[in-house]
1. Give all pairs with beta carbons closer than 7 Å in which a residue from the stretch 67-90 that is closer than 20 Å to Val50 by Cβ meets a residue that is at pLDDT below 90 and assigned to a strand (DSSP E or B); count only pairs at least 6 apart in sequence or on separate chains.
2. Check off (1) part of a helix (DSSP H, G or I); (2) buried (at least 16 other Cβ atoms within 10 Å of the Cβ) for Glu110 and give me the number that stays unchecked.
3. Check the stretch 72-83 and report whether any residue there is small (Gly, Ala, Ser) and in contact with a helix residue (DSSP H, G or I) (Cβ under 6 Å, 6 or more places away or on another chain).
4. When the stretch 113-132 is examined, which residues are found to be at pLDDT 90 or above and surrounded by 16 or more Cβ atoms within 10 Å (Cβ to Cβ)?
5. Out of curiosity, is Glu191 in contact with a Pro (Cβ under 8 Å, 6 or more places away or on another chain) and not aliphatic (A, V, I, L, M)?
6. Taking the stretch 113-136, which residues are closer than 20 Å to Ala182 by Cα and not in a strand (DSSP E or B)?
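The values are calculated or read from the model by the stated rules, or taken from the named source; none is laboratory data. What you see is a predicted model, and the numbers here were worked out from it, not measured in a lab. Note that each Cβ is placed from the backbone with ideal geometry, even for glycine, and that neighbours are counted across all protein chains shown.
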Amino acid sequence: MASRLKELFADRALVAKIQRRLPILFSYAEQESSRGGHVGVEAETVRVQVLVALLIHKFGEENVQRDPGRVAGETNVRLFDAPISIKTTTSAALGSVKLLWTADTRKANEAAQTYSPSSDYLLGQVNWGGEGGLFYIPLEAQDDVLRAMGRENYLRLPKAGMQPRGVELSREALTALVAKKAARRLLIRWERPAKDDPYQRWVDYWRQEA
């Protein structure tokens, strides 16, 4: 059955809202994750939460399964019981994206030897002060590109002598994926809020009637 995820990109009113609101919400995510002027790795977790909330907003809470006991591997949620992997990257051009996290080089290499795509992707490309986007990449497209490129080109492994952080989807693979006909892209101009006040969101919550 075709993924319902692509409906995000066909809803014109929602597309306009995403283009307006996502930079604001991701800016909040970075504020929450900043220490001493540096954005921490936990910003990725908050950005994923923002995109999960977008799915709930569009499809209803009952159709977005977030129970950690019922999702596995690179899957973050199940949308109408279909697995979805949510990822973000901060770059002017699409670069590599983390697929599997591990601090063990041996485990990273073992994971790469057995890796196969298992979820549709919802990918946010953040490019502050420039153009980025939100992408839908279906599972079938991933399978096609993996077969065409081969595992050694599709994946990027930790370099010898460097601290391993897992297995990545290579820049070349990601470029090929977003170019597939079945993929969808929503362009976003990444401008930070004019008033980037870390307290404003909480003030807005207090002002709500309910």
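1. Qualifying pairs under 7 Å: Glu74/Leu99; Glu74/Leu100; Lys87/Val97; Thr89/Val97.
2. (2)
3. Going residue by residue through the stretch 72-83, those that are small (Gly, Ala, Ser) are 72-73, 82.
Cutting the leftovers down to in contact with a helix residue (DSSP H, G or I) (Cβ under 6 Å, 6 or more places away or on another chain) gives us none.
Among the residues of the stretch 72-83, not one is small (Gly, Ala, Ser) and in contact with a helix residue (DSSP H, G or I) (Cβ under 6 Å, 6 or more places away or on another chain), which makes the answer no.
4. Correct list: Pro117, Ser119, Asp120, Tyr121, Leu122, Leu123, Gly124, Gln125, Val126, Asn127, Gly132.
5. Working: in contact with a Pro (Cβ under 8 Å, 6 or more places away or on another chain): yes; not aliphatic (A, V, I, L, M): yes.
So Glu191 passes the test.
6. Let us first name the residues in the stretch 113-136 that are closer than 20 Å to Ala182 by Cα, namely 116-125, 132-136.
Those that are closer than 20 Å to Ala182 by Cα and not in a strand (DSSP E or B): Ser116, Pro117, Ser118, Ser119.
Here is a yes/no grid of residues against (1) under 19 Å from Trp101 (Cα atoms); (2) small (Gly, Ala, Ser); (3) outside any loop (DSSP other than H, G, I, E, B); (4) at pLDDT below 95:
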site: Leu146; (1), (2), (3), (4): no, no, yes, no
site: Met162; (1), (2), (3), (4): yes, no, no, yes
site: Glu168; (1), (2), (3), (4): yes, no, yes, yes
site: Thr175; (1), (2), (3), (4): no, no, yes, yes
